[in-house]
Structure formats: structure tokens, C-alpha cells
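The values are calculated or read from the model by the stated rules, or taken from the named source; none is laboratory data. Note that the structure is predicted; figures quoted are calculated from it, not measured. So basically every Cβ, Gly included, is an ideal-geometry build from the backbone, and we count neighbours across all protein chains shown.
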Amino acid sequence: MRSRIVAIILACAALTVTIAARADGDIAKGKVASQTCLGCHGIPDYTSVYPTYRVPKLAGQSAAYVLHALQEYKSGARSYPSMHAQASSLTEQQMEDIAAYFQSLGTPDKSK
Ligand code: HEC
């Protein structure tokens, strides 16, 4: 009897882990995959020095928003040449990982 209960508990735990892994991107992998993004998205005041243009702040942005934006850049629904190039090189899983990583960086700075 007791071993059966243990077996059921273990089965439930395994299921929970599987669901959690599928629902979210992997933050650690996203951190590695987003290193190239930070050259543009991690600059001071989100303004490039030359040529001068603004880049959107991604830290603290919701994962769903970042994922959606990347999918649209990849498909061409959103057009912006450098972001199309960036998004096109990513797999669906990498986009989810990156989205999870940016979301994990905390809430957006309201003073910006
Ligand atoms: C060459 C500079 C550059 C690089 C590298 C770059 N981005 Fe961007 N990104 C931009 C610019 C500029 C925009 C604004 C484009 C627009 O107006 O649609 C943008 C927009 C975005 C947006 C939409 C944000 C919003 O609020 O609408 C997301 C998400 C994003 N980038 C993610 C990434 C990720 C993830 C990477 C790395 C894989 C990356 N970017 C690499 C310059 C860059």
C-alpha cells in the first residue's frame, strides 16, 4: 500500500516537471542566446551613439510580448531589417528561452 502511494506521488512530481519545462523558456539558455542582442538592446539610455537611433528596452518585458515580437520579425509581419535578420537566425525554442530571460530581469524602469 505504502509503495503504491509513493509511486503515485512520484508520477505526479514527474508530470509537474514535464509541464513546467514545456510552458517556459529556459532562462539560462536564453541568457547565452541573447548576448548578441545586448550589443543593441543593452546600451546606456537605449540610444546608439552613431548612427543615433533608439532601441526598445527589453529587460522586464513580458515573455509573451518578446516572443510574439520575435515571431513577427521572423515572419515579416513586423518589418525592420536588422531585427528580421536577428529573429531569422533563431529557433522557436531559442526565442522562448530569450523571452524568458528578458522577463526574468525584472520590471521595466518606469523613469525611462
Ligand atoms: C543591430 C541592432 C540590434 C540587434 C543586434 C538586436 N536588435 Fe532587437 N531591435 C533593434 C531595433 C532598432 C528595434 C526597434 C525596431 C522597430 O522599430 O521595429 C528592435 C526591436 C526589438 C524587439 C521589439 C521590442 C518592442 O518593444 O517592440 C524585440 C522583442 C527585440 N528587438 C529583440 C531582440 C533580440 C531577442 C535580439 C537578439 C537575438 C535582438 N533584438 C537583437 C535593434 C537590434
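Within the stretch 29-67, can you find the residues that are exposed (fewer than 12 other Cβ atoms within 10 Å of the Cβ) and either at pLDDT below 80 or more than 8 Å from the ligand (Cβ to nearest atom) (or both)?
GLN35, PRO44, ASP45, THR47, VAL49, TYR50, PRO51, THR52, TYR53, ARG54, ALA64, listed by residue number.
Which residue is farthest from CYS40 (Cα to Cα), if the candidates are limited to the stretch 66-109 and must be aliphatic (A, V, I, L, M) and touching a residue at least 60 places away in the same chain (Cβ under 8 Å)?
Among them, the one singled out is ALA100.
Among the residues of the stretch 98-109, how many are closer than 11 Å to ALA33 by Cβ and more than 10 Å from the ligand (Cβ to nearest atom)?
So the count comes out to 1.
Could you check, for the stretch 68-85, whether at least one of its residues is near the ligand (Cβ under 9 Å from one of its atoms), charged (D, E, K, R) and either at pLDDT 85 or above or in contact with a helix residue (DSSP H, G or I) (Cβ under 9 Å, 6 or more places away or on another chain) (or both)?
Within the stretch 68-85, one or more residues are near the ligand (Cβ under 9 Å from one of its atoms), charged (D, E, K, R) and either at pLDDT 85 or above or in contact with a helix residue (DSSP H, G or I) (Cβ under 9 Å, 6 or more places away or on another chain) (or both).
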